[in-house]
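Colleague: Structure below; questions to follow.
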Number of protein chains: 2
Amino acid sequence: MVAVDREEHSRSVKQKILDAARELLVADGVEGFSMRKLAGKIGYTATGIYHHFPDKQAVLEEVIETDFRSLRASLGRIGNVGDPIDRIQQMGMAYVDFAIEFPSHYQILFMTPASLPPDTKIVRCDPAEDAYAFLKQVVIEGLALGRFRTEFLDADELSQIIWSSAHGLVSLHITKGNDPWVPWRDLRSVSEKLFEALLRGLVR
Amino acid sequence: MVAVDREEHSRSVKQKILDAARELLVADGVEGFSMRKLAGKIGYTATGIYHHFPDKQAVLEEVIETDFRSLRASLGRIGNVGDPIDRIQQMGMAYVDFAIEFPSHYQILFMTPASLPPDTKIVRCDPAEDAYAFLKQVVIEGLALGRFRTEFLDADELSQIIWSSAHGLVSLHITKGNDPWVPWRDLRSVSEKLFEALLRGLVR
DNA sequence: CTTGACAACCTAACACTGTTAGGTATAATT
DNA sequence: AATTATACCTAACAGTGTTAGGTTGTCAAG
């Protein structure tokens, strides 16, 4: 076995870990995800994983980063042409669809506080950051076209308003979706109505 | 020491635990809250607390229930008179103010999935449920007065839309409030603008 | 006044968690 | 053939919530 084979093998082990991690995350959720369980799924001991990943967070981040590409693709597919307001609505729906497809991913990405901020030096790039940038860019276009009411001048303020609405719906569904005292309506259809109403209230 | 004194003492111990729990929750957050730390604050051992509370969740619930009364009072102060749309806006702001004042409480109440639902028999009454009921009642009034657009007929759908918007803002602030890549605007002023825009898009 | 009961608290322990230190065997390189 | 490094292991640490069982001290009853 030569060095290149060795690297290849290490890469395949890493991939095996990631696949098992995704499976475990989907099956057992964020709370049920543990290094020992993950290791058990591939016949390893928990410490064995630390030869391929620095820590638990790194494993989860890599799983999430991979699956997050589907949202990136959806957002990219919406493109740069057409009415910015329409595109914001479409982006919102893509965002909701991602949360529906990967609720545990979403939970880690958007519902878990980042550990204390002294990570400032090496910025583990955050997919959430990209999604925000995507939205803000379209908001800026809308502002340039004068599509918003005159009291809205700040792209960050507008982005935060829109992002919050989408996040509120999906995060409540994730945390309270099984509580019997909320007669939940279909998430997608409510989302559409929410975006329509909100944007109607935002545009000029 | 007679029986009544004994009860009184037990109650004061219970109160001491609750006070320490509130302090610990505010200081160290949800993640930093542990039974051993809580016990340490009052010179007890962790197990000692279990003679006054069945488990950790019960301690937190009682702390939260107490402080939640301030939101209940605010919502009650808004009353049953006046324009329902105006009242919804006021309720939203009261909700936001509660989240600002008690972020850790809010995190437990609205951002943590209730443990598996077989609690169906003995319903530990959930303050979140009350808040939702408050909102829904005013939404129903608005519906009765024909204040909403004709496509909105369902009080639950409307309530969920409005609740989501409020929740999205405050929950993102709590989880991502320290992330440097979001230039957060003032939560209260953004909230006001969000509610105005959303309600403008909802009303007839 | 003694006995029994009960409350309130303790120490130990269990089953977990993420993570680190240190050892071992196997494979690749010199 | 000797050395080095990889990939894995066991054991352990410091936590977590929680339970079992023992030790007080104060109460109520005989």
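Colleague: Pairs on different chains or at least eight residues apart, Cα atoms closer than 19 Å: how many lysine pairs in chain A fit?
Modeller: 8
Colleague: Tell me the total accessible area that A and B bury against each other, 1.4 angstrom probe, in square angstrom rounded to 100.
Modeller: 4100 Å²
Colleague: So, one more: Based on the Cα gyration tensor of the stretch A:34-144, what are the three equivalent ellipsoid semi-axes, each the root of five times an eigenvalue, rounded to whole Å and given largest first? Could the numbers behind the result be given before it?
Modeller: Working: eigenvalues 223, 51, 22 Å².
That gives 33, 16, 11 Å for the three semi-axes.
Colleague: Using mean Cβ contacts within 10 Å as the protection proxy, how do B:151-161, A:158-168, A:46-56 order, highest first? Don't skip to the end; give the middle numbers.
Modeller: Details: B:151-161: 19.6, A:158-168: 25.9, A:46-56: 14.5.
So the peptides B:151-161, A:158-168, A:46-56, ranked by packing, come out A:158-168, B:151-161, A:46-56.
Colleague: Taking the Cβ-Cβ separation of B:Arg69 and A:Arg36 as r and a Förster radius of 60 Å, what is the calculated FRET efficiency to the nearest 0.05?
Modeller: Result of the calculation: an efficiency of 0.90.
Colleague: With all pairs of different alpha carbon atoms counted, what Kirkwood hydrodynamic radius in Å does the stretch A:140-198 show? Can you show the working numbers first?
Modeller: Details: mean 1/r = 0.0760 Å⁻¹.
The Cα-based Kirkwood calculation yields 13.2 Å.
Colleague: Per the Kirkwood formula on distinct C-alpha pairs, the Rh of the stretch B:61-202 is how many angstrom?
Modeller: 16.1 Å
Colleague: For the protein assembly as shown, how big is the tail of P(r) above 32 Å, as a whole percent of Cα pairs?
Modeller: On the way: 35837 of 83028 pairs.
Above the 32 Å cut-off, the protein assembly as shown has 43 percent of its Cα pairs.
Colleague: Could you check the simple spin-label distance between A:Glu192 and B:Lys16, using points 7 Å along Cα→Cβ, in nm with one decimal?
Modeller: Each label point lies 7 Å from its Cα, and together they span 6.1 nm.
Colleague: So what are the ³J(HN,Hα) numbers for the stretch B:74-88, from phi and the Karplus equation (6.51, -1.76, 1.60; θ = phi - 60°), rounded to whole Hz, Gly and Pro as x?
Modeller: 4, 5, x, 5, 5, x, 10, 10, x, 5, x, 5, 4, 5, 4
Colleague: Would you grab the residues whose amide H sits under 5 Å from the one on A:Val203? Only those 5+ places off in sequence or on another chain, please, with H modelled 1.01 Å from N.
Modeller: A:Arg149
The values are calculated or read from the model by the stated rules, or taken from the named source; none is laboratory data. Computed from a predicted structure; not experimentally measured. Glycine gets a Cβ as well: all are built from the backbone with ideal geometry, and neighbour counts include every protein chain shown. To get the accessible areas, we keep the full protein, side chains included, count just its heavy atoms, and leave off ligands, DNA and RNA. Shrake-Rupley method; radii C 1.70, N 1.55, O 1.52, S 1.80 Å.
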